[in-house]
Amino acid sequence: MEKHSRKEDWIAILTGTFLVAQGVFFLQSANLLTGGTTGLALLFTQFVPLSFGTLYFLANSPFYLLAWKRFGTRFAINSAISGGLVSVFADHLYLVIKLETVNEVYCAVAGGLLMGLGMLILFRHRSSLGGFNVLCLFIQDKFGISVGKSQLAIDISILIASFFFVSPQVIGLSIVGAILLNVVLAMNHKPTRYTVNYG
C-alpha cells in the first residue's frame, strides 16, 4: 500500500489530536473517565493540582522510548508531538467552548467516538498518542491481535480499578465511552485490512 505523504501525515496528526482533545473535553465536562493513560490522567486531576494536559504528557512519556525502539525514530517523534498537541488542545479548549447543558450519556458517547476516530487517524498516519496505544500497536505487530481488542482489555482493567475512587454511575458511563472508542478501533484498524509502515 502506498505511503501517505509527509504533508498528509501532518494534516492527519493535527486532525486526529484535535478530535481526541474534543473527546477528552466531553468526558471532562461530565466528570467521566476512560481507559489508558487518558483515563489515568483524568482520574489524577481529581487528586493532584496539575492540569490534565500536564498529567497526560507525563504519563505517556515513558512509552515514547518503546515507540522509538520498536517502530523507529519517525514514529516516536510523531507520537510525542501528537501527545503534546492533545495536552495543549485539551487544556485550552475551555477558552473557545463551554457546555451550558451537560448530558452524561451524550458526553460518554461523544467522547468515546471522537477519541476513537482521532486515534484511528493517528494510527493510519504513522503516529499514536504514546502510552498504551504504543503497547497495543506492538501487540498487534507482534501477535496479530487488533489494537481495539487489546486496548479494550487494558481500558476495562483501569476503569474497574477506578471503582474505588468514583461512583458506580460514573464507572458505568465511562465504560460505555471506552467500549465505543475501542469498537471504532477494532472495526477499522485490523492488521489484515490496513497495513501501515511505521518507519
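Points to keep in mind about this one:
- Looking only at region 55-73, residues that are of a type in the set (S, T, N, Q) and either surrounded by fewer than 16 Cβ atoms within 10 Å (Cβ to Cβ) or closer than 19 Å to PHE165 by Cα (or both) come to 2 in all.
Per-residue answers, yes or no, for (1) closer than 26 Å to PHE138 by Cα; (2) hydrophobic (A, V, I, L, M, F, W, C); (3) at pLDDT below 95:
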| site | (1), (2), (3) |
| --- | --- |
| GLY53 | yes, no, no |
| PHE57 | yes, yes, yes |
| TRP68 | yes, yes, yes |
| SER87 | yes, no, no |
| ASP91 | no, no, no |
| LYS98 | no, no, yes |
| LEU114 | yes, yes, no |
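- Restricted to region 19-36, and to residues there that are of a type in the set (A, V, I, L, M) and not in a loop (DSSP other than H, G, I, E, B), the residue that is farthest from LEU137 (Cα to Cα) is LEU27.
Results for (1) farther than 21 Å from VAL176 by Cβ; (2) crowded, with 24+ Cβ neighbours inside 10 Å, shown as yes or no for each residue.
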| residue | (1), (2) |
| --- | --- |
| PHE89 | yes, no |
| LEU95 | yes, no |
| ASN103 | no, no |
| LEU114 | no, yes |
| LEU117 | no, no |
| LEU120 | no, no |
| GLY130 | yes, yes |
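- Screening region 37-141 for helices (runs of 4 or more DSSP H) wholly inside it with 1 or more residues that are among the hydroxyl-bearing types (Ser, Thr, Tyr) and over 26 Å from VAL170 (Cβ atoms) returns the ranges 52-71, 73-92.
- Top-ranked residue of region 26-48 - restricted to ones that are of a type in the set (S, T, N, Q) and modelled with pLDDT under 90, ranked as surrounded by the most Cβ atoms within 10 Å (Cβ to Cβ): THR34
- A count restricted to region 67-126 and to residues that are of a type outside the set (Phe, Trp, Tyr) and closer than 16 Å to LEU185 by Cα stands at 17.
- Picking from residues in region 49-88 that are in contact with a Phe, Trp or Tyr (Cβ under 6 Å, 6 or more places away or on another chain) and among the hydrophobic types (A, V, I, L, M, F, W, C), the one that is farthest from PHE18 (Cα to Cα) is PHE71.
- A search for C-beta distances below 7 Å between a residue of region 172-186 that is touching a residue at least 12 places away in the same chain (Cβ under 8 Å) and any residue that is in a helix (DSSP H, G or I) and among the polar types (S, T, N, Q), counting only pairs 6+ apart in sequence or on different chains, returns ASN182/GLN151; LEU185/GLN151.
- Subset of region 132-165 that is among the small types (Gly, Ala, Ser), within 24 Å of VAL48 (Cβ to Cβ) and over 16 Å from the mean Cα position of the chain (by Cα) - its residue that is surrounded by the fewest Cβ atoms within 10 Å (Cβ to Cβ): ALA161
- THR38 being of a type in the set (Val, Ile, Thr), under 23 Å from VAL147 (Cα atoms) and more than 13 Å from the chain's Cα centre (by Cα): no
The values are calculated or read from the model by the stated rules, or taken from the named source; none is laboratory data. Bear in mind that the values here come from a model prediction, so they are computed numbers and not experimental data. Every residue, glycine as well, gets a Cβ built from its backbone with ideal geometry; the counts of neighbours run over all protein chains shown.
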